[in-house]
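Okay, structure first, notes after.
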Amino acid sequence: MALSNQQVTEIKRARSPLARQLDSGFVWLTGMFAVGVALVLVAIAVRVGWEALPAIQQFGAGFLTSSRWDPVEDIYGALPQIYGTLVSSLIALLIAMPIGIGVAIFLSEDFLPNKIQRPIVFMVELLAAIPSVVYGLWGIFVLIPILRNMGVALNAGLGWIPLFSTRPTGPGMYVAGVILAIMILPIIAAISRDALVAVPPELRQASYGLGATRWETLFKVILPAAFSGIVGGIMLAMGRAMGETMATTMVIGNANKINPSLFDQGSTIASLLANQFAEASGLQISSLMYAAFVLFLITLIVNVLAELVVRRVRMKV
Amino acid sequence: MSDSQALISRSLRRNPWAPRTLFSNVMTGLAIACAVIAIIPLVAVLLYVLINGVSRLDLNLFTQVQPPPRVENGGLGNALQGTFYTVGIATLLAVPFGVMAAVFLSEFVRDTRLARWIGFATNVLSGVPSIVAGTFIYSAIVLTTKTFSAFSGGVALAILMLPVIVRTATEALELVPSELRQASVGLGATRFQTVAGVVLPAALPGIVTGVMLSVARAAGETAPVLFTALGWPTWIQSIWQQANTLSLLVYKFATAPYPNQQQLAWAGSLLLVLLVLVTNILARFVIRRRH
């Protein structure tokens, strides 16, 4: 039974203006939340920068080159913390980079059947999910005793090298570096693996067809093709290591000094904040905010660059 | 077999002691070693936490208040309460915020420049050190309300949860087949009706997975609550007062010189690790069912 024209127009009645407005209101509402996410980032920068202003005016750029942190005289400089942040992250990268890329290669090639490979991928991911404070606890009671013994031996044998020139007492820069390496390893492994898997299979087939072995293919074809993705992963890991707080604070010793020896105690910007913030006031709070602002900027730059690199890789795929 | 065939089959077989093959095999061994080295810390952490934490895993752990120095027994009751409050507040704030943002990104501006920019900001936000999020909330909430509180701790955790929820929810929504949306619009549904009645229910398992993972992550975060919730030795009556959390307690008791408190730090770690394990394994099942 066909509908008459009149019946059709009745069914096809337009939505009321109110319903339409409500609907586009919903779109606007979701849009505000989405823009809100970006605004949170801006708010962090503005707010922390604002609180840091008194210290910025007081100390200026000298804050970054002075190593005096003196709440009694109200004079502050964060050079040892900036140094500690960079050095501990660098140690972590030097350890985690080769191992992480090795893991990524191992888990992206067909060394293992899928059934065994997937649980291992999952286990490496789990490494990233364990809370930082648990790593810290484990570091204090398990890792420090092990590493100290190794450090004492190194110091006895190679103590003339500045890197090993002090006798390890327990916590120190070297423990922080190792703990951070464990924590950033899954980031490097996961992102490098993504980059390796994304290399077009034709490249591999062509290389095998020319008679290359598996590792000749990897070194001359696959790794160069995945290079920028791997670099992006390493930079993200670097950003994570520099901002990591709890595990570092628990094992680095929290001493305000710069010493080339890895076995000496040190501190990072994050551990400085963790240790002093709750009891600080006045210019000290402002100086801590200044330090936080510096940390925010460093990690922001590293993360933005990493994100650009990773994004360009994804677009190519 | 003709001569040429024999020649080919010989040339296709590699000599296992040729330098090239040897190099390849050694490198394979190194790659295996890397994987083993990567797994060792995971196994070691899990084992130590289990062995040291399990001795205190009983009912008292959940009902008793944390012990002061040199006092035996006690539990993690108040820390669990604080974690429940702070993570609860964080979830209540971050989930609606994040899911709404994800709806906008996947339903209304997908593949536009705006979506890319906000996605970029979301990723950068997730790279902001958690201690910086703590200083931000300290300045924005603790200084203005003039008190440390469970609430401010919750807001700090929400900042860390937000980018995770936005990303996972956007991914879940984008996996919903566009036929469903077309059918819904074809039946005359408004955009709101399509989102609320069709797309969100279809994406729910993925969204819930993301929320679960971010809740587990937030429960283990210490740095953001360090000077927002600050810590408190006993039960709390409201979210407007200082509170202890499981992660804060682990941090403070781990660095304390008292064996009883150290044991509780291990027990607290065990609870945190179990939470992470359970949520990650559950999430894996949800993801596997979807594919």
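The values are calculated or read from the model by the stated rules, or taken from the named source; none is laboratory data. These numbers were taken from a predicted model, which means no experiment stands behind them. With ideal geometry, Cβ positions are generated from the backbone for all residues, glycine too; neighbour counts draw on all protein chains shown. In case anyone asks, the SASA skips ligands and DNA or RNA and just uses the protein heavy atoms, side chains included. Shrake-Rupley method; radii C 1.70, N 1.55, O 1.52, S 1.80 Å.
Chain B against chain A buries an accessible area of about 7100 Å², both chains summed, 1.4 Å probe radius. The mean number of Cβ atoms from other chains found within 10 Å of a Cβ in peptide A:16-28 is 3, as a whole number. Inter-chain Cβ neighbour count for A:119-131, averaged per residue, equals 6 (cutoff 10 Å, partner chain atoms only).
How much of the accessible area of the protein assembly as shown, probe 1.4 Å, is carbon plus sulfur, in whole percent? All intermediate terms of the calculation are to be shown ahead of the outcome.
Numbers: 18880 of 28190 Å².
Whole-percent figure for carbon plus sulfur exposure: 67.
Please give the contour-minus-distance gain from A:Glu125 to A:Ile56: 0.36 nm per residue of separation, less the Cα-Cα distance, rounded to one decimal in nm. Result: 20.8 nm gained on full extension.
For a protection proxy built on the mean count of beta-carbon atoms within 10 angstrom, sort A:60-70, B:207-217, B:42-52, A:255-265 highest first, please. Please list the in-between numbers first.
Details: A:60-70: 13.5, B:207-217: 21.5, B:42-52: 16.9, A:255-265: 18.5.
Most protected by this proxy first, the peptides run B:207-217, A:255-265, B:42-52, A:60-70.
Over chain B, give the accessible area per residue in Å² for a 1.4 Å probe, as an integer. Write down the numbers at each step before the final one.
Details: 13620 Å² over 291 residues.
That works out to 47 Å² for each residue.
Would you compute, from DSSP H runs of 4+ residues alone, the mean residue ellipticity of the protein assembly as shown at 222 nm, taking -39500 (n - 2.57) per run and dividing by the full residue count, rounded to the nearest 500? Computed ellipticity for the protein assembly as shown at 222 nm equals -23500 deg cm²/dmol. Once the C-beta distance of B:Leu274 and B:Trp240 is scaled by a Förster radius of 25 Å, the resulting FRET efficiency is 0.25 to the nearest 0.05. From zero up to wherever the largest Cα-Cα distance of the protein assembly as shown sits, split into 10 Å bins and tell me the percent of pairs in each. Pair shares across the bins are 3, 15, 24, 25, 17, 9, 5, 2, 1, 0.
Provide the FRET efficiency to the nearest 0.05 for the B:Leu282-B:Leu50 pair, computing r from the beta carbons and using R0 = 30 Å. Walk me through the numbers on the way to the answer.
Numbers: r = 19 Å, r/R0 = 0.65.
With R0 = 30 Å, the Cβ-Cβ based efficiency is 0.95.
If you wrap the tightest convex hull around every Cα atom of chain A and split its volume per residue, you get 252 Å³.
For region B:1-138, the Cα gyration tensor yields ellipsoid semi-axes of 53, 34, 14 Å (square root of five times each eigenvalue, largest first, whole Å). For the peptide A:179-190, the mean number of other protein chain Cβ atoms found within 10 angstrom of a residue's Cβ is 2. Going by alpha carbons, how many degrees (0 to 90, nearest 10) lie between the helix axis of A:114-129 and the longest principal axis of chain A? The two axes meet at around 60 degrees. Each 10 Å bin from 0 upward holds the following percent of the Cα-Cα pairs of chain B: 6, 21, 24, 20, 13, 9, 5, 2, 1, 0.
Sorted largest first, the spans of the alpha carbon positions of region A:1-157 along the three principal axes are 100, 60, 26 Å.
Calculate the FRET efficiency for A:Ser16 and A:Val42 from the Cβ-Cβ distance with a Förster distance of 45 Å, rounded to the nearest 0.05. Mind dumping the intermediate values first?
Numbers: r = 38 Å, r/R0 = 0.85.
E between A:Ser16 and A:Val42, to the nearest 0.05, is 0.70.
Ranked highest first by average number of other Cβ atoms within 10 Å, how do B:69-77, A:239-247, A:142-150, A:47-55 line up? The partial results should precede the final answer.
Numbers: B:69-77: 14.7, A:239-247: 27.6, A:142-150: 16.4, A:47-55: 18.9.
Going by the mean number of other Cβ atoms within 10 Å, highest first, we get A:239-247, A:47-55, A:142-150, B:69-77.
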